[in-house]
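All of the numbers you see were taken from the coordinates with simple rules; none came from a lab. These numbers were taken from a predicted model, which means no experiment stands behind them. Cβ atoms come from the backbone with ideal geometry, glycine included; neighbour counts cover every protein chain shown.
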Amino acid sequence: MPLPKEETNIGCSIFRKQEPVIKDITDKINKVKNVQEKARYAEELQKEVGILLNCQDYKKESLNCKNCHFIANLRKKTADLIIKAKKLE
């Protein structure tokens, strides 16, 4: 029995547009074994996450924005770690 898909209830058109793109890149990172290839995808991930972190519609008092930035920052840190791992290889 498949696990239910993780759903995010962030009511933002920019987040909803970026989310499938980010999930696709994340899936690619998880599938490849080569650190160099993972790092290439991680660089793509940084660009896509950057769109969320630099959002012109960001409102610091909005719970949607806070949640979006929290998730985006975690993903950015993950991408940064993968890129650092490439440099250590």
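When we screen Phe70, Phe15 for residues that are part of a helix (DSSP H, G or I) and touching a residue at least 12 places away in the same chain (Cβ under 8 Å), the only hit is Phe15.
Considered as a group, the residues in the range 24-77 that are touching a Leu at 6+ places or on another chain (Cβ under 9 Å) and among the small types (Gly, Ala, Ser) include one that is surrounded by the fewest Cβ atoms within 10 Å (Cβ to Cβ), and that residue is Ala72.
Among the residues making up the range 75-89, a single one is in contact with a Lys or Arg (Cβ under 8 Å, 6 or more places away or on another chain) and either under 13 Å from Thr26 (Cα atoms) or among the polar types (S, T, N, Q) (or both): Ile82.
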